[in-house]
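Below is one structure, written out as structure tokens; the observations come after it.
We did not get these values from a lab; they are worked out from the coordinates using the rules stated. In this text, all values refer to a predicted model and were calculated from it rather than measured experimentally. Here the Cβ positions follow ideal geometry from the backbone for every residue, glycine too, while neighbour counts run over all protein chains shown.
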Amino acid sequence: MSIDPWKILELAPTSDQQQIESAYQQKLAELASEPDQVREEQTALLKQAYEDAIQTLKQPFMPAEASQAHPLYQEFSEELSQLLGNALRRNQLTAWQLLVDHPAGQEHALRDDLSALIFDQVLHYQKNCEDDKQLISSEILIYLTEQLEWSTRDDFKARYGDNFYYRMTQQHIPEPDFVPEPIADTGNLANIFIGLTIVCAIGLLMISV
């Protein structure tokens, strides 16, 4: 039986994995007071809904039906494929500037899907390119990131993973937060130092006598 994971999690469809995790944990907590049999059944249903919701983040990019039906989207998609297939033009910044300036980009309803389409297709090309000299250059990736606002797309990070996301946006993967070791009590150290100084002074006095 197919289920609607968003309905079970009581969550609007989202590409934010943290929201999905939070909704799942909240629903589990609400089952704590239920009878054992009900809790077991509902927990299994929740788990299935959670897994289905997470799976949507890993599926290949699919534009909205409205975008697919738009003639400018289809035209844009064809020009993108032609550009990636052209060994002479795919590393020319001007060629990508012309693509970004395509009339489809002026259609507000298409912008998110166009941005996602370029990210998906360029990443696919990079992953399958066997000649490093033919890879899309950093200059072009930086240009696309800025123009298409890739650095704000958390759904890309969720779908493709941190490694590919940061490589495409030419960013370094953030280092884990550094937790400094606790610093020793300097007051106690000072007291010890003073005590040793006094002992040494007394010892010197006794020797001089």
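Cβ crowding within 10 Å, taken as a proxy for footprinting-reagent exposure, orders TYR166, TYR24 from fewest neighbours to most as TYR166, TYR24. By the count of other C-beta atoms within 10 Å, a proxy for reagent exposure, SER67, SER138, SER22 are ordered fewest to most as SER138, SER22, SER67.
Over region 5-58, one equal point on each Cα, no solvent: what is log10 I(q)/I(0) by the Debye formula at q = 0.18, 0.23, 0.32 Å⁻¹? Treating every Cα as an identical point scatterer, log10 I(q)/I(0) equals -0.53, -0.80, -1.31. Across region 65-168, the fraction of Cα-Cα pairs farther apart than 25 Å, rounded to a whole number, is 15%.
Within straight cross-link reach of LYS47, meaning Cα distance under 30 Å, which lysines are found once same-chain residues fewer than 8 apart are removed? Candidates past the 8-residue exclusion: LYS7, LYS27, LYS58, LYS157. Between GLN25 and ASP4, the modelled label-to-label distance comes to 2.7 nm, taking each label 7 Å out from Cα in the direction of the beta carbon. Rounded to the nearest whole Hz, the Karplus-based 3J(HN,Hα) values (6.51 cos²θ - 1.76 cosθ + 1.60, θ = phi - 60°) of region 130-141 follow the sequence 8, 10, 4, 5, 9, 5, 5, 6, 4, 4, 6, 4, with x at glycine and proline. Taking other C-beta atoms within 10 Å as the exposure proxy, TRP150, TRP6 rank TRP6, TRP150 from fewest upward.
Among 25-33, 125-133, 75-83, how do they line up from the highest to the lowest mean number of other beta-carbon atoms within 10 Å?
The packing order, highest mean first, is 75-83, 25-33, 125-133.
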